[in-house]
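In what follows, a single structure is set out as structure tokens and then discussed.
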């Protein structure tokens, strides 16, 4: 499936150029921060994932490597700086994600909306967001959905039974399903996406149950990936799934009604995002969305 990518002649210098530009603008990408194995493939295709609202999370999910603590206030110049980076890099597809900000009255929803609008103002750019749950507040979810997003992603992360064991107590399984439901009820033509980490102690039947739950709230794209323990501080891997098992899950997911499924140990929510978006839009019978 081409998940591991080798450098081609001259690409090392290009990657350094991109990184240098991002640093000069004081920006961070999840691609770099998480040491994503797919970074080169995405950057070659003119796509990247920006991390907004700082790098300190207010929650403490047991599988996550992100720093926890008291974050700084949102930077009002961040939307303009991200738009400038998108323009100078000539990006066609951008994903915006963040840490969870329970310290903010709207969870950071208004900042998300400002970033999306700034990027959309360039013209010709598709924008995907991968948001936290905003405390399950419908108005906050709709604020982001109304900003011009093409894809709205929110990850349930784990199956129902495992959720309280590995996610922060403020993150609920039903709450995450509601976020995705709110988006589709606001605008059924926004592509929705969610991801499940496998290997946290779930049973296969529970994965299928979670798939059904996601289909029931209108999710278009499912991403299944292997949980890889980032450090000894995070919860241990309960099981490593084989490629054959991922393929079985993929086939089952399609049979349940998902429009697109990415199932691979190294799959990530925003991997091949533009390709996935275009494929799903062809199946949705919705009018073309303005860039």
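Here, each number is a calculation from the coordinates, and none is a lab measurement. Computed from a predicted structure; not experimentally measured. Backbone-built Cβ (ideal geometry, glycine too); neighbour counts: all protein chains shown.
The table that follows gives values for the structure above.
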{"item": "Three-way shape label, the range 11-283, alpha-carbon gyration tensor, a/c 1.5", "result": "rounded"}
{"item": "Antiparallel bridges, percent of DSSP beta bridges restricted to the range 11-283 (to nearest 5)", "result": "5 percent"}
{"item": "Gained length - residue 72 relative to residue 186, 0.36 nm times residue gap less alpha-carbon distance", "result": "37.9 nm"}
{"item": "Which of 66, 191 has the fewest Cβ neighbours within 10 Å, and the rest in rising order", "result": "66, 191"}
{"item": "Inter-site label distance for residue 209 and residue 174 at 7 Å from Cα along Cβ, in nm", "result": "1.5 nm"}
{"item": "Protection proxy ranking of 133-143, 153-163 - average other beta-carbon atoms within 10 Å, highest first", "result": "153-163, 133-143"}
{"item": "Two-site label geometry, residue 283 and residue 266: point separation in nm, points 7 Å out along Cα→Cβ", "result": "2.5 nm"}
{"item": "Difference of contour (0.36 nm per residue) and Cα-Cα distance, residue 65 to residue 88", "result": "5.2 nm"}
